[in-house]
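Novice: The structure's right below; bear with me while I get my questions together.
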Amino acid sequence: MRQIMVAANWKMNGLSADAVHLTRAILDAGLDPTHPEVVIFPPYTLLHVVAQEAKASALRWGGQNLFWEPSGAFTGEISGAMLRDLGCRYVLVGHSERRQIFAESDADVARKLKAAQVAGLIPVVCVGETEQERLAGETEAVLQRQMKHILPYVGIGAQPGLVIAYEPIWAIGTGQTASPEEAQQVHAFLRGLVAGQSEALASRLMILYGGSVKGNNAAALFAQADIDGGLVGGASLQAGEFLQICRAAEANGRGG
Ligand code: PEP
C-alpha cells in the first residue's frame, strides 16, 4: 500500500524564529513517526534551522528548487549536492510559480528531475493546468504534455524515483479547491499515464494534491483512492491548521 505524505511549501516566507516555531510545533504534536511522511520545504536560508531542529526525528525536509548543473559559475543557484549536504531528502521541481514567474519550461523541469535523482534526492514534481486551460477543456492535454517530459524519470528500476503533485493553478492560494471527486478524476488520469509505461510503477507512485488544502477539506481529499496526501502552501504557515491536515492524513487508513 502507498504511504501518505503531507508536504509544507513555505515559499518565500519566514525568518529563523518562524522556522523554529513551526518545526517544533510539528515535532511536539506527537504524530505517528511512520504515517504520514511529513516534509517541510523551507526557503534555502532556513534549511539548516529545520535540519537542526528535526535531525533526530522522522520529519523530513527539502529544497524548493535546484539547478541542473552540479557546480560552477551559476550565481544565485543551488545544486542537488548542496541540498543533500543539508540533509535534504526531497526537492520540489516545476512548481507552477517557477514555471509561470521564472519561465521554467518542461525541458528545464526534466533536466532538474534528472539532476535531483543523480544527487540522490527524491523530486516532488508539480503539474497542473491554468484556469483558462481548464475552462477550455484542455486539462488532460496540458497534463499529458507536462507528463511526457516527466515519464522518463518516474521509475528507478521498479521503484518510483519521484513523487507527483497535481496542483491546479487556479486552486493555488485562491481558497478555491478542486472537489475531491474532480481531483480524484485527474489523479486517476495521471496514474493511468504512468500505467501506460508500467502498471507496477503506477500502483506504487505517490500522487499528492495541492491547491488550497486546509484542515477542513484534507480528510475528504485524502479519502480518494488516488490521492496520496497533500502539498500545502498557505496553510502550512499556521501550525494549528497544518497539524489538522497532518491529523487527517494520520487518520487515513493507508500506508504506514
Ligand atoms: C502550493 O504553493 O504548492 C500550494 C498548494 O499553495 P496553497 O496551499 O496556498 O494553495
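The values are calculated or read from the model by the stated rules, or taken from the named source; none is laboratory data. As the structure is a computational prediction, the values presented were derived from the model and not from experiment. Methodologically, a virtual Cβ is constructed for each residue, glycine included, from the backbone with ideal geometry; neighbour enumeration extends over all protein chains shown. Just the protein is used for accessible areas: all its heavy atoms, side chains included, with ligands, DNA and RNA removed. Shrake-Rupley method; radii C 1.70, N 1.55, O 1.52, S 1.80 Å.
Novice: Starting from residues that are free of Cβ contacts under 8 Å to residues at least 24 places away in the same chain and within 16 Å of the ligand (Cβ to nearest atom), keep the ones in the stretch 174-185 and report whichever is least open to solvent (accessible area, probe 1.4 Å). Break it down into steps so the answer makes sense when it comes.
Specialist: So the first thing to find is which residues in the stretch 174-185 are free of Cβ contacts under 8 Å to residues at least 24 places away in the same chain, and the list is 179, 182, 185.
With within 16 Å of the ligand (Cβ to nearest atom) added as a condition, the list becomes 179, 182.
Details: SER179: 39, GLU182: 70 Å².
Checked the stretch 174-185; the qualifying residue least open to solvent (accessible area, probe 1.4 Å) is SER179.
Novice: Are there any pairs, at least 6 apart or on different chains, whose C-beta atoms fall under 7 Å, with the first in the stretch 86-98 and closer than 13 Å to LEU66 by Cα and of a type in the set (Gly, Ala, Ser) and the second more than 14 Å from the ligand (Cβ to nearest atom) and modelled with pLDDT of 95 or more, and if so, which?
Specialist: Every condition considered, the pairs that remain are GLY94/GLU104; GLY94/VAL109.
Novice: Scanning the stretch 213-232 for residues that are open to solvent by less than 20 Å² (accessible area, probe 1.4 Å) and either of a type in the set (Asp, Glu) or not in a helix (DSSP H, G or I) (or both), which turns out farthest from the ligand (Cβ to nearest atom)? Walk me through how you get there before you give the answer.
Specialist: Just the residues of the stretch 213-232 that are open to solvent by less than 20 Å² (accessible area, probe 1.4 Å), to begin with: 213, 215, 218, 221-222, 227-232.
Checking the rest, the ones that are also either of a type in the set (Asp, Glu) or not in a helix (DSSP H, G or I) (or both) come to 213, 215, 227-232.
On the way: VAL213: 5, GLY215: 12, ILE227: 13, ASP228: 15, GLY229: 12, GLY230: 8, LEU231: 5, VAL232: 5 Å.
Once the filter is applied, the top-ranked residue is ASP228.
Novice: Still on this structure, please answer the following. Among the residues of the stretch 238-253, is there at least one that is within 26 Å of GLN132 (Cα to Cα) and open to solvent by less than 10 Å² (accessible area, probe 1.4 Å)?
Specialist: Looking only at the stretch 238-253, we keep the residues that are within 26 Å of GLN132 (Cα to Cα), and these are none.
There is no residue in the stretch 238-253 that is within 26 Å of GLN132 (Cα to Cα) and open to solvent by less than 10 Å² (accessible area, probe 1.4 Å).
Novice: Right, something else. Identify, from the list GLY72, GLY80, the residue that is touching a helix residue (DSSP H, G or I) at 6+ places or on another chain (Cβ under 9 Å) and away from the ligand (no atom under 16 Å from the Cβ). I'd like the intermediate steps shown before the answer.
Specialist: Values: GLY72 fails: touching a helix residue (DSSP H, G or I) at 6+ places or on another chain (Cβ under 9 Å).
Result of the check over GLY72, GLY80: GLY80.
Novice: Would you confirm, using the coordinates I've provided, whether ALA171 is under 21 Å from ALA7 (Cα atoms) and within 16 Å of the ligand (Cβ to nearest atom)? Talk me through it step by step, then tell me what you get.
Specialist: Details: under 21 Å from ALA7 (Cα atoms): yes; within 16 Å of the ligand (Cβ to nearest atom): yes.
In short, yes.
Novice: Kindly provide the set of residues from the stretch 233-256 that are touching a residue at least 60 places away in the same chain (Cβ under 8 Å), in a helix (DSSP H, G or I) and either hydrophobic (A, V, I, L, M, F, W, C) or in contact with a helix residue (DSSP H, G or I) (Cβ under 6 Å, 6 or more places away or on another chain) (or both), ordered by number.
Specialist: Result: SER236, LEU237, ALA239, PHE242, LEU243, ILE245, CYS246, ALA249.
Residues checked against (1) part of a helix (DSSP H, G or I); (2) farther than 26 Å from ASP226 by Cβ; (3) more than 16 Å from the ligand (Cβ to nearest atom):
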{"site": "THR23", "(1), (2), (3)": "yes, yes, yes"}
{"site": "LEU31", "(1), (2), (3)": "no, no, yes"}
{"site": "THR34", "(1), (2), (3)": "no, no, yes"}
{"site": "LEU46", "(1), (2), (3)": "yes, yes, yes"}
{"site": "GLY62", "(1), (2), (3)": "no, no, no"}
{"site": "GLY76", "(1), (2), (3)": "no, yes, yes"}
{"site": "ARG99", "(1), (2), (3)": "yes, no, no"}
{"site": "ALA103", "(1), (2), (3)": "no, yes, yes"}
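Novice: Quick one: in the stretch 1-56, which of the residues that are of a type in the set (A, V, I, L, M) and open to solvent by 50 Å² or more (accessible area, probe 1.4 Å) is nearest to the chain's Cα centre (by Cα)?
Specialist: Going through the qualifying residues, I end up with MET12.
Novice: Determine, yes or no, whether PHE67 is of a type outside the set (Val, Ile, Thr), outside any helix (DSSP H, G or I), surrounded by fewer than 18 Cβ atoms within 10 Å (Cβ to Cβ) and modelled with pLDDT of 95 or more.
Specialist: On the way: of a type outside the set (Val, Ile, Thr): yes; outside any helix (DSSP H, G or I): yes; surrounded by fewer than 18 Cβ atoms within 10 Å (Cβ to Cβ): no; modelled with pLDDT of 95 or more: yes.
The answer is no for PHE67.
Novice: Quick one: in the stretch 197-212, of everything that is assigned to a loop (DSSP other than H, G, I, E, B) and within 15 Å of the ligand (Cβ to nearest atom), which residue is nearest to ALA25 (Cα to Cα)? Talk me through it step by step, then tell me what you get.
Specialist: Step one: of the stretch 197-212, the residues assigned to a loop (DSSP other than H, G, I, E, B) are 197-198, 205-206, 211-212.
So of that shortlist, the ones also within 15 Å of the ligand (Cβ to nearest atom) come out as 211-212.
Values: GLY211: 23, SER212: 21 Å.
The selected residue is SER212.
Novice: Here is a further query. Return the total of residues in the stretch 233-256 being more than 15 Å from VAL38 (Cβ to Cβ) and either aromatic (Phe, Trp, Tyr) or more than 16 Å from the ligand (Cβ to nearest atom) (or both).
Specialist: 2
Novice: Next up: So if I check each of ALA188, ALA165, ALA158, ALA136, which one is surrounded by 19 or more Cβ atoms within 10 Å (Cβ to Cβ) and either small (Gly, Ala, Ser) or under 23 Å from GLU241 (Cα atoms) (or both)?
Specialist: On the way: ALA188 fails: surrounded by 19 or more Cβ atoms within 10 Å (Cβ to Cβ); ALA158 fails: surrounded by 19 or more Cβ atoms within 10 Å (Cβ to Cβ); ALA136 fails: surrounded by 19 or more Cβ atoms within 10 Å (Cβ to Cβ).
Going through ALA188, ALA165, ALA158, ALA136 in turn, the sole match is ALA165.
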